[in-house]
Amino acid sequence: MYVNLRDLPLIVSHDGTVEESVTEWSSWLLRYKLLSRTTVNGYVNSLNQFYEFLHFHKCEFNSDREIEKLILKYRDDLLSGNSELNWEPHSVSSVSRAMNALCSYLEFNGMHDVAKTESNLNRFAKAAASKNSFFGGGFIKPSKLVRLSMPKLKNKFILPTRHEVKRVKYFPPNLFWDFIDLIPTHRDRAIFMLMAGTSARVGQALNVWVRDIDLEESKVTFIDSRSSERRIELQKQYNLEPEYEIQNKGPLPGIWLADNIKEAFFSEVKQYVGGKEYIPIGHRTEMHPYFFITNTGNRLYPSGVRQRFNRTASKLGLNLSPHSLRHLYGYVSHVMLKIPMETLMHCMGHTNIESTKVYATIPNDVAEEEFRRALRDITEKHSHSNREKAGLAMLSDNSDTK
């Protein structure tokens with residue numbers, strides 16, 4: 001049973017006992033990991049689903065093979081649904097969140113070796129049972145690392161403070177075209193301009209089909225690869241399923257940040273399609289509808305895109321991820337163009353405005369420039385008394401004082 005008490009997510013077992021390890025874990029996520037309350041609620045809800053799954057099947061962990069089968073069945077039940085548990089089919093991103101929730105809970109409880117990767121989750125149940133976690137019917141104390149970061153956690157529950165907005169790492173706008181110039185292929189230039197120009201995530205860019213690019217209308221259509229229509233067409237026409245590794249996170253309206261980025265994108269696309277980099281659908285070894293492909297005709301994966309991004313960004317002295325291009329879109333839109341938060345929420349495909357509010361944080365360099373510009377405007381355009389002029393001159397004087 002999933003309940004909320006004082007706005008804190010909890011899991012209550014079937015005998016009415018509150019699983020304190022989950023309560024403390026959610027508090028830790030809110031206060032020290034600075035995750036949003038929406039994300040933490042989703043994590044706890046995913047963990048609760050697994051709790052129900054274990055209880056329903058009366059699971060006993062006698063061997064690694066049984067544990068592996070259990071995890072695979074749990075994931076399959078999420079993807080395809082489970083009528084006995086009244087589960088509807090879950091999206092790929094929901095399944096990924098469920099796995100991330102398990103990993104995070106295990107990390108909180110000191111089982112780092114299990115939580116590292118999804119492939120190691122097949123060992124989690126044995127480790128959890130040995131530590132008497134609620135999976136095994138008992139209680140796990142937080143790991144030593146967590147206890148050191150939260151000294152009172154061992155003896156007293158800590159009420160999370162108000163969630164603080166994290167600062168985002170956006171790609172510097174003044175280096176964007178320098179970055180594009182360093183990229184050797186038309187395909188990769190197009191991918192990164194698409195991300196910066198429309199706020200597309202890596203997965204959303206790589207899930208674009210050939211027909212989603214309209215060269216005549218200069219338009220890109222972003223469709224959720226998990227939608228029933230697209231899944232059915234992918235199965236019937238290409239005998240394929242949406243890739244679990246390439247998350248989409250829903251459609252985008254495809255509103256371009258700037259016309260020059262849009263024009264440059266379609267210029268690169270035309271050169272990509274007309275050159276040797278591109279292989280038409282009918283000539284590919286394995287038939288698929290995706291637009292961005294490898295030199296051999298296979299579809300691209302996020303890992304390759306990240307490697308090429310990192311290699312190029314490092315030449316400019318930047319230590320960022322491709323997702324910083326999406327943050328560039330949000331930063332320029334809200335901080336520089338003053339786009340209203342509700343409009344930006346729509347443009348970036350957010351379902352919760354809390355996700356958009358991260359762009360409300362104005363960086364120090366921007367604030368400093370606004371102060372300097374305002375000071376220049378005052379000193380140049382307005383008349384002041386001698387006393388006011390002397391004060392402003394002192395403020396704007398950057399010479400060293402002794």
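The values are calculated or read from the model by the stated rules, or taken from the named source; none is laboratory data. Worth saying up front: this structure is predicted, and the values here are computed from it rather than measured. A quick note on method: Cβ atoms are made from the backbone with ideal geometry, for glycine too, and the neighbour counts reach across all protein chains shown. Areas reflect the complete protein model, heavy atoms only, side chains present, ligands, DNA and RNA absent. Shrake-Rupley method; radii C 1.70, N 1.55, O 1.52, S 1.80 Å.
What are the residues in segment 244-274 that are polar (S, T, N, Q), open to solvent by less than 60 Å² (accessible area, probe 1.4 Å) and in a loop (DSSP other than H, G, I, E, B), if any?
We begin by selecting, within segment 244-274, every residue polar (S, T, N, Q); these are 247-248, 260, 267, 271.
From what is left, the residues that are open to solvent by less than 60 Å² (accessible area, probe 1.4 Å) are 248, 267.
The one that is polar (S, T, N, Q), open to solvent by less than 60 Å² (accessible area, probe 1.4 Å) and in a loop (DSSP other than H, G, I, E, B): 248.
Residue 258 is checked against (1) over 30 Å from residue 80 (Cα atoms); (2) out of contact with any Gly (no Cβ under 8 Å at 6 or more places or on another chain) and fails just one. What number does that condition carry?
It is condition (2) that residue 258 fails.
Yes or no: residue 61 modelled with pLDDT of 75 or more, hydrophobic (A, V, I, L, M, F, W, C) and over 29 Å from residue 251 (Cβ atoms)?
no
Looking only at segment 311-329, count every residue that is open to solvent by 70 Å² or more (accessible area, probe 1.4 Å) and under 13 Å from residue 188 (Cα atoms) and tell me the total.
1
Can you tell me how many residues in segment 189-222 are among the aliphatic types (A, V, I, L, M), in a helix (DSSP H, G or I) and open to solvent by less than 10 Å² (accessible area, probe 1.4 Å)? First the steps, then the outcome.
Filtering segment 189-222 down to residues among the aliphatic types (A, V, I, L, M) leaves 190-191, 193-196, 200, 202, 205-206, 208, 210, 213, 215, 220.
Those still in the list that are in a helix (DSSP H, G or I) too: 190-191, 193-196, 202, 205-206, 210.
Retained after the next criterion (residues that are open to solvent by less than 10 Å² (accessible area, probe 1.4 Å)): 190-191, 193-196, 205-206.
Of the residues in segment 189-222, 8 are among the aliphatic types (A, V, I, L, M), in a helix (DSSP H, G or I) and open to solvent by less than 10 Å² (accessible area, probe 1.4 Å).
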